[in-house]
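All remarks here apply to the structure that follows.
All of the numbers you see were taken from the coordinates with simple rules; none came from a lab. No experiment lies behind these values; they were computed from the predicted model shown. Cβ: placed from backbone, ideal geometry, glycine included. Neighbour counts: every protein chain shown.
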Amino acid sequence: MAESKELQVKEKQEMTTPAEQTRPGLIFTPAVDIFETDHEITLLADMPGVTPDKMTIDLHDGVLTFTGDVIPWENPDEKDVLIEFEIGKYHRQFALSEAIDQDKIQAKLADGVLRLTLPKAEKARPRKITVNAG
């Protein structure tokens, strides 16, 4: 029997963490896709409503952390009638190995999707070894 490849809706997940929050509000774990080539790893994080000026990316002791704040859509003089898109902060962390060239990481945020390009260090890239006769 073939596996079903139907699209499944995944609800926004509130982050569960043992750390105490110092500011009120919801914190969400953004959904990510990660793929790689011989030269790099690419991470896509879904962060709707986050703009580049509200995005923070830090790298400390091999841990890559990114957070993004979403500003409420309504104006102060508007009254909420129905709210299905919850407002909060996105937060996610990844431990990076030495296989990543941490000085060359690049980030781009467009249309609510964060794209992190993590180049592999030269020593982690596959290479061909020449076989000599004799």
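Here are a few things to note about the model shown:
- Kirkwood hydrodynamic radius over Cα pairs of segment 44-87, then Stokes diffusion coefficient at 20 °C and 1.002 mPa s, in µm²/s: 168
- Cα point-scatterer Debye curve for segment 93-134, base-10 log of I(q)/I(0) at q = 0.14, 0.23 Å⁻¹: -0.49, -0.85
- FRET efficiency, 1/(1 + (r/R0)^6) with R0 22 Å, evaluated for Leu26 and Leu82 via beta carbons: 0.80
- For the listed residue pairs Lys54/Lys104; Lys89/Lys123; Lys54/Lys79; Lys54/Lys123, the alpha carbons are over 30 angstrom apart in Lys89/Lys123; Lys54/Lys123.
- Take the Cα of Val131, step 7 Å toward its Cβ, do the same at Thr51, and the gap between the two points is 6.0 nm.
- For the pair Phe35 and Ala99, the difference between a 0.36 nm per residue extended length and the Cα-Cα distance amounts to 21.6 nm.
- Low-density loop cleavage sites - trypsin sites (Lys or Arg not before Pro) in segment 94-134, where at most 13 other Cβ are within 10 Å (DSSP): Arg127, Lys128
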